Amino acid sequence: MKSEPTRREFLNATARGAGLVALGSTAAYLVIKAGPDGYWQVDPRKCINIRLGAVNVEVCDKCATTCVLPLSAVRAVNEYAKCGRCCICPSYFDVTSEIGRDGLPTRKLCPRDAITREAIGDVDPDDPLNNFYDYHIDEDKCDGCGKCVMACKEPAGLGSLRLEVRHSLCVDCNRCTIATACPDDALVRNTNDLSKMDPHPEEETA
Amino acid sequence: MRIRWILLVLMSLAATAAAASHVLAQYQYQREVDVAPPDEDIGGGYVTPEVQRPAPRAAWWDVVDMAALLVALGLSAWLVLQRRSRNWLIALTVICLVYFGFYREGCVCPIGAIQNVSVALTDPGYAIPLVVIVFFLLPLVLALLFGRVFCGGVCPLGGIQELVLLRPVEVPRRLDGVLGLFRYVYLGLAIWFATRPPVDRDFVICRFDPFVGMFRLAGPADIMIFGGALLILAVFIGRPYCRYLCPYGALLSIFSRVSWRGVTITPDKELDCGLCAEACPYGAIEDMRAKTSGCLFCARCYNWCPRGVVKQEAVKAITTGSSDEAKASA
């Protein structure tokens with residue numbers, strides 16, 4: 001007992017069909033473009049704190065201040081394999097501070113005291129200045145302010161310190177708030193592991 | 001006299017030595033640092049520690065999310081249109097709130113996906129993940145078929161507001177209509193901000209999402225306060241975010257305007273008691289019929305309809321086998 005479609009029903013059906021076609025074509029276009037779902041990472045070639053060559057510039061603290069988490073998901077990481085194990089680490093010590101009796105600067109650089117210093121290997125107790133030292137970052141304290149990362153660069157440092165998004169902490173926002181704030185557009189969604197990348201600026205490697 | 005001289009010389013020597021020791025200390029540091037020292041040079045059996053890097057979420061979870069969305073949408077449509085049960089719908093709402101809200105921490109969601117899709121359509125360099133495409137399109141397809149199924153039992157933002165709506169107050173129709181226009185403005189703004197060049201790009205929907213901070217139990221203070229205020233408001237005014245702010249709600253209401261099916265309060269013939277219109281906290285019932293563009297699939301009206309109650313009892317009686325009761329109540 002189906003009645004004739006009214007004018008309204010006919011228009012609705014037409015609009016519905018048009019809607020379906022629009023959605024279908026959008027879907028087709030998007031699926032062609034679709035890529036794998038990446039995760040937020042700091043591109044070491046872009047970040048001003050990490051990339052080599054960016055010296056005598058202001059440290060950028062956007063990672064520490066703009067993350068949605070109370071303590072940013074970006075933390076400093078020491079790539080031990082690249083660390084010079086310096087006695088006077090420019091990232092551990094504030095090298096502009098006064099030199100104390102032990103020959104070491106008297107102040108530390110980290111505002112949150114998140115870095116610890118430990119003599120390693122064959123330790124010569126009589127010659128503390130020529131021993132090797134490991135620098136460990138306490139991730140529970142670090143907020144990713146980038147001061148130490150900026151300090152470990154030429155001429156004094158080897159660039160072993162990086163800022164990295166810790167995936168155990170990152171809540172994986174659709175649009176990372178740090179990415180929005182980052183002046184270098186260094187927070188990118190990528191499937192490749194960028195943490196292994198050399199911190200040379202992108203222009204050189206490209 | 002002589003002793004004085006000797007003392008003076010000694011003292012000045014000591015002073016110089018003390019001053020020099022600081023300078024000397026820096027020169028005692030001889031090791032050149034231009035490369036990282038290998039383990040053998042460090043000695044003492046030292047092994048370079050591994051850098052701990054927690055792995056990101058595995059890709060197959062995306063498939064779980066897509067499947068969960070599909071099942072939840074299907075269930076939401078079936079519970080409202082076929083089963084006509086608000087209780088089961090509430091159960092689904094709670095499950096979706098826990099999974100898409102508190103467990104998945106509000107990401108990925110169709111509301112935010114508007115921005116990803118806008119970027120993908122305008123920026124050729126942007127690769128949009130498949131899960132985002134599915135989350136954006138599936139609820140729209142269901143809106144064309146049945147209406148705002150997604151809003152009903154699936155959306156965690158809607159769910160959290162639905163569950164706190166305890167003392168519904170009717171919003172004057174005029175005001176409701178005017179406030180509802182803001183969704184379209186917000187939609188336009190969100191698309192504009194998302195399609196700007198990458199450095200200036202901003203996803204305002206995510207940034208000003210009032211409830212995502214609650215799902216994550218952390219967030220910027222101003223947004224948390226905004227969310228809290230909105231949730232308090234939601235105790236009295238049904239789903240203020242969905243009706244006046246949600247840009248995806250704007251899209252859904254456009255699509256559901258021409259939906260194929262929709263909520264029918266009484267399937268055969270409406271009564272004119274108007275109880276359903278009174279029950280609807282969203283002002284979505286006009287002339288005893290649910291407007292598909294405004295109906296949020298909450299299934300409240302069924303419970304208020306005298307015929308609906310009778311019919312449900314009859315169905316229950318038949319399915320449980322006590323036909324006498326069915327006859328008595330019918």
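Read-outs throughout are calculated quantities, based only on the coordinates presented, and are distinct from any laboratory measurement. Note that the structure is a prediction, hence the values are computed from the model and not measured. FYI the Cβ positions are ideal-geometry reconstructions off the backbone, even for glycines, and counts take in every protein chain you see.
Data table
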read-out	value
Estimated 222 nm signal from helices in chain B, with DSSP H stretches of n ≥ 4 weighted -39500 (n - 2.57), rounded to 500	-17000 deg cm²/dmol
Fraction of beta bridges assigned by DSSP in the protein assembly as shown that are antiparallel (%, nearest 5)	95 percent
Neighbour net charge for B:G45 - beta-carbon separation under 11 angstrom, K R +1, D E -1	-3
Choice from A:A76, A:A181, A:A27 with maximal GNM fluctuation in chain A (Cα, 10 Å cutoff)	A:A27
When each of A:K82/A:K153; A:K108/A:K196; A:K108/A:K141; A:K46/A:K153; A:K108/A:K153; A:K82/A:K147 is checked by Cα-Cα distance, pairs over 22 Å	A:K108/A:K196
Placed amide H near A:Y133: partners under 5 Å, 5+ positions off or other chain	A:C86, A:I120
Gaussian network model of chain B, springs between alpha carbon atoms under 10 Å - residue of B:T93, B:T48, B:T264 with greatest fluctuation	B:T48
Aspartates and glutamates whose Cα lies under 13 Å from that of A:K33, excluding same-chain neighbours fewer than 8 positions away	B:D123
Highest-MSF residue in chain B out of B:G249, B:G44, B:G112 [GNM, Cα springs under 10 Å]	B:G44
